[in-house]
Amino acid sequence: MKKITKLISSAMILAVMATTVACGSVSEKEEPQASENDGGGTTVEENIGFVEDETLTLVVPGKPGGGSDLAIRHYSEALTRLFGLTTTVTNYDSNTIGHQTLATAKPDGTTLTLATSALNVQYITGNSEINPMEDFTLIAAMQDNGFAAIAVPADAPYDDFNGFVEYAKANPGTINAGQPSSGNNTFMFAMMEDTLGIDLNAVEAASESDRLVNLSGGFIDVGFVGIGNAREYEKAGKLKVIGTIAADGKVIDNFDGTLPDNYKTTQEQGFEDIYWGVYHYLLGPAGMDQEMAEAMNASMKKVYDDPQTFEAIKNIGHIPEWHNLEESREIRQKEYDKIVKIADAMGANVR
């Protein structure tokens, strides 16, 4: 963890990225109305971009059950229901293998993924050789990762974020924080360490499903998980939630005003400097036809406007969004440039 903390000492700057480019939260827009093609299928004249006579493979760079996995499955269902596509979802235990699978696929639109800015972190810091800016075709910047629950074992000796911080300060290096070796979760924990003056012990738990299992078994002491999974596991008595973390200024009422106080954001609990935001990108292999990508982008707007999909994405703790290609490129470039600048300042940019 010492190495991670040293590399990420300035990571708070990263959290600004999502809020400077986001189009707004769920509470700032009317929920979409049903589209005219809710009955399924598409018109003959309409070019939806997606290949309609072959199976669309949606790659999940992680095990089943995580936030990206759930989002991809909701999008898969919507693409079948709205456009009549045949889709299949394929999970990979390693996100590196999942990303590599997409990068080496044929650029014919039959293989896509939904990935986060963890791609940037891994490439810039040398943990992956996959270049997120050159090895993929950007199709759309989609939902903000929204609210991540800060989960701890059910018998943890604290019930809120303040209690967790006090315990961590009194017991440095003893709290096992489940996280990937390099990624957004790694940056989030390092940001908390640097800002709060605490020392956590990094334990490998790359996927959300790994963290849920290890939290339930008491093998790790804290981990970030989706709100949907957190609620189910908390209801079953397998873990408890001590707070949530989201982009700057977001409050839990933006997501669900009926959640209890232990789901309030870290900012709502008095920690103004503890916040984070992450985008999801729909990507294909490099070399895809740009007209195809533009048509896919427009089709994803219809997916976003679909009330059923909108609610499904919101219910896993994400903030539903859609951006056209120009906006998507701007969001991704700003995000990448910011990480490069921070990595340069810390001597962590191996590129």
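The values are calculated or read from the model by the stated rules, or taken from the named source; none is laboratory data. In this text the structure is predicted, and so the values were computed from the model without any measurement. Because the Cβ atoms are built from the backbone with ideal geometry, glycine has one as well, and the counts that use them run over all protein chains shown. Surface accessibility is based on the protein's heavy atoms, side chains included, excluding ligands, DNA and RNA. Shrake-Rupley method; radii C 1.70, N 1.55, O 1.52, S 1.80 Å.
Which numbered condition in (1) at pLDDT 95 or above; (2) within 16 Å of I139 (Cβ to Cβ); (3) open to solvent by 60 Å² or more (accessible area, probe 1.4 Å) is the only one that D261 fails? All conditions are met except number (2). Here segment 144-173 is the region considered, the condition is being surrounded by fewer than 24 Cβ atoms within 10 Å (Cβ to Cβ) and among the polar types (S, T, N, Q), and the residue that is nearest to F50 (Cα to Cα) is N162.
Of all residues being closer than 17 Å to G67 by Cα and of a type in the set (A, V, I, L, M, F, W, C) in segment 183-207, which is most open to solvent (accessible area, probe 1.4 Å)? Just the residue, please. Restricting to residues being closer than 17 Å to G67 by Cα and of a type in the set (A, V, I, L, M, F, W, C), the top hit is A206. For the condition closer than 23 Å to G98 by Cβ, of a type in the set (A, V, I, L, M, F, W, C) and either surrounded by fewer than 19 Cβ atoms within 10 Å (Cβ to Cβ) or within 21 Å of the chain's Cα centre (by Cα) (or both), V303 qualifies. Among the candidates G62, G163, the residue that is in contact (Cβ under 8 Å) with a residue 60 or more places away in the chain, part of a loop (DSSP other than H, G, I, E, B), closer than 21 Å to M188 by Cβ and among the small types (G, A, S) is uniquely G62. In segment 270-294, of all residues being farther than 28 Å from T57 by Cα and buried (at least 16 other Cβ atoms within 10 Å of the Cβ), the one that is modelled with the highest pLDDT corresponds to F271. Count of segment 216-249 residues, restricted to those that are within 26 Å of D273 (Cβ to Cβ), assigned to a loop (DSSP other than H, G, I, E, B) and open to solvent by 20 Å² or more (accessible area, probe 1.4 Å), is 3.
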